[in-house]
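The values are calculated or read from the model by the stated rules, or taken from the named source; none is laboratory data. Computed from a prediction, not measured in an experiment: that's the story for all the values here. FYI the Cβ positions are ideal-geometry reconstructions off the backbone, even for glycines, and counts take in every protein chain you see.
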Ligand SMILES: Cc1cc2nc3c(=O)[nH]c(=O)nc-3n(C[C@H](O)[C@H](O)[C@H](O)COP(=O)(O)OP(=O)(O)OC[C@H]3O[C@@H](n4cnc5c(N)ncnc54)[C@H](O)[C@@H]3O)c2cc1C
């Protein structure tokens, strides 16, 4: 079957590799002219881990990951640990896969390598999908440069502002949930050795929390800090914000939270 996928993000790449392994003829069209990734982490628990295992990527993912031994839930002022979730060997025994945390760029490059090792020409860059049309003998994908490609199946993996979704259900606007997440990464060399050693941590307080986890061989600390706010902003991985706002949002919180915000790159503050 000839399968056309719109979008070479984590979803489009994973799906391409799985379908190629099943023997399908696949093309994945990506509007960007190069495959880059935002400077942020991702946590891979067992569901995603089993998919990566099926692609033969389990060892490579593990090599580029940090495997936390536990996840600590702490209060925002005193830092008291109120709950611990066992990860590490326990998660591996229970779920047959490790719980690991790695940089998004590492995950994406492993997926790109996997897809290209199955078929070098699968990923088509600089190809912006504009819509599609179905017919009794298949479907046609339309591109913004006016070109078309015919296939048997079309799959939209073009993200939260999917053009294909719009073509199917009509123009639609995401509804703001009232929550926005601050994000940042910190070079581990800037943090004390004992900082959050070997674990993932959540600091929890009224209307907001901060999750911190290590990436790679404990080389970077990644934080994600969701806050309730009436000020929505465009959904984006790349829009920079003023560092002072997250600093104010978490004023008075535990010293580890202050340290993470203080040591984050002030010119690379994302929400
Ligand atoms: C702060 C934050 C933290 C998160 N943490 C985790 C986590 O720890 N673990 C986890 O499992 N998930 C996490 N998620 C969710 C996860 O990151 C996303 O669900 C996932 O990245 C979505 O991947 P995707 O491939 O569907 O979409 P995207 O990554 O958005 O990829 C879509 C691709 O399609 C391309 N595209 C868009 N439009 C077109 C078009 N018209 N034509 C061609 N190409 C197009 C884009 O350029 C892009 O490459 C997190 C999300 C956020 C916001």
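Points to keep in mind about this one:
- Any hit, the stretch 144-166, residues being within 11 Å of the ligand (Cβ to nearest atom) and more than 26 Å from the chain's Cα centre (by Cα): yes
- Sole residue being free of Cβ contacts under 8 Å to residues at least 60 places away in the same chain, over 22 Å from the mean Cα position of the chain (by Cα) and either within 11 Å of the ligand (Cβ to nearest atom) or not in a strand (DSSP E or B) (or both), chosen from 79, 23: 23
- Within the stretch 82-98, one or more residues are surrounded by fewer than 19 Cβ atoms within 10 Å (Cβ to Cβ), within 30 Å of residue 249 (Cβ to Cβ) and more than 25 Å from the chain's Cα centre (by Cα).
- In the stretch 9-20, the residues that are out of contact with any strand residue (DSSP E or B) (no Cβ under 7 Å at 6 or more places or on another chain) and either more than 11 Å from the ligand (Cβ to nearest atom) or more than 18 Å from residue 65 (Cβ to Cβ) (or both): 9, 11, 17, 18
- Only one of 231, 175, 199 that is farther than 30 Å from residue 6 by Cβ, away from the ligand (no atom under 12 Å from the Cβ) and under 21 Å from the mean Cα position of the chain (by Cα): 199
- Within the stretch 123-141, tally of residues that are part of a strand (DSSP E or B), more than 10 Å from the ligand (Cβ to nearest atom) and surrounded by fewer than 17 Cβ atoms within 10 Å (Cβ to Cβ): 6
- The residue that is surrounded by the fewest Cβ atoms within 10 Å (Cβ to Cβ), counting only those in the stretch 34-51 that are within 10 Å of the ligand (Cβ to nearest atom) and assigned to a loop (DSSP other than H, G, I, E, B), is 36.
- Selection within the stretch 225-235 - exposed (fewer than 12 other Cβ atoms within 10 Å of the Cβ) and either at pLDDT 75 or above or in contact with a strand residue (DSSP E or B) (Cβ under 6 Å, 6 or more places away or on another chain) (or both): 230, 231
- Members of the stretch 147-188 that are at pLDDT 95 or above and over 22 Å from residue 236 (Cα atoms): 147, 148, 149, 150, 151, 152, 153, 154, 155
- Entry remark, the stretch 246-265: residues being more than 25 Å from residue 67 (Cα to Cα) and either crowded, with 16+ Cβ neighbours inside 10 Å or within 16 Å of the ligand (Cβ to nearest atom) (or both) number 5 in total.
- When 61, 28 are checked against the criterion of being within 16 Å of the ligand (Cβ to nearest atom), farther than 25 Å from residue 183 by Cα and either crowded, with 18+ Cβ neighbours inside 10 Å or at pLDDT 95 or above (or both), 28 stands alone in meeting it.
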